[in-house]
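So the structure is just underneath, and the comments pick up after that.
FYI, it's all coordinate maths here, none of it is from the lab. As the structure is a prediction and not an experimental result, all values here were calculated from the model. Please note: Cβ atoms are built from the backbone with ideal geometry, for glycine as well, and neighbour counts cover all protein chains shown.
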Amino acid sequence: IVAVFRENGSKARDRYHNYHRGALHWLCRLYHADKKYAGLNTVLGLAGNNIRVFLDYCHAIIAEWMAADSPSLPISWRLQNEAIHRQAVILRENLYSAARSTAEVNQFLERVGRLFEAAHKGPRQSEPEINHFTLRGEVSDLEGRERLDKWLLDAWYEGVLRQLRGNKQKALHDLRQEDWQIAPWLAPLFNLSTRRKKKMSLSGEEVLVLFRGSDTAWKQLFKQKETEFERIGINGSAEQGLLFNE
């Protein structure tokens, strides 16, 4: 199809009506660029009010700058961006020594991050960023609800998730209705913004799959969400309550 369009002959004009959307999407993706993380405000955002993380990122940037033998100031954004991405990987690796639910928390981070990445690959014209999620409905059984509560709080304790509270909540039942975001210091791993953007809706059962579901269950969920993202992009509307505004 691309070769035909390049020739720009009669066959291309015949095909244009059917393929123009895909062709435009393909052209736009050629110029797609990942986020660049640099500057004091960015580092403050990545730190998420955590002074230790802020100093870790500052140290990583300075160490990268000194190793590059580049005494001139200011430090280039490219060097800062590389240092920030490397430090995010280090913070990710530190989770393997987590004190709580190590396997579940690590698996959750990988899987939910892949969902956010898939959301940004859909053919939406405006490409709104999706960087947090909300839980809808209850897990059907008590044991499942207890596991979900435990793993959500473990992910929060280990610095993988951040609660985006609309108002004060007092019960775990209420916590399951709140918005959750990957911790800002891990945002570079998935090319995400640290500011609140759009959100996706996940059921309690789906979040359990992200934490501890089998590979088969995870692949099914990923394929389902990928299809929904594609459908939303084509129709230009939020179907089945998948996406919400802030």
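Values for this structure:
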quantity: Exceeding the 31 Å Cα-Cα cut-off - candidates Lys197/Lys219; Lys11/Lys225; Lys11/Lys197; Lys11/Lys199; Lys150/Lys197; Lys36/Lys223; calculated: Lys11/Lys225; Lys11/Lys197; Lys11/Lys199
quantity: 5 angstrom amide H check on Leu164, placed H, neighbours 5+ away; calculated: Asp179, Trp180, Gln181
quantity: Positive dipole terminus of the stretch 31-106, leading residue within Ala83, Asn49, His59 (C-beta point charges); calculated: Asn49
quantity: Extension gain from Leu55 to Tyr157, taking 0.36 nm per residue of separation minus the Cα-Cα distance; calculated: 34.7 nm
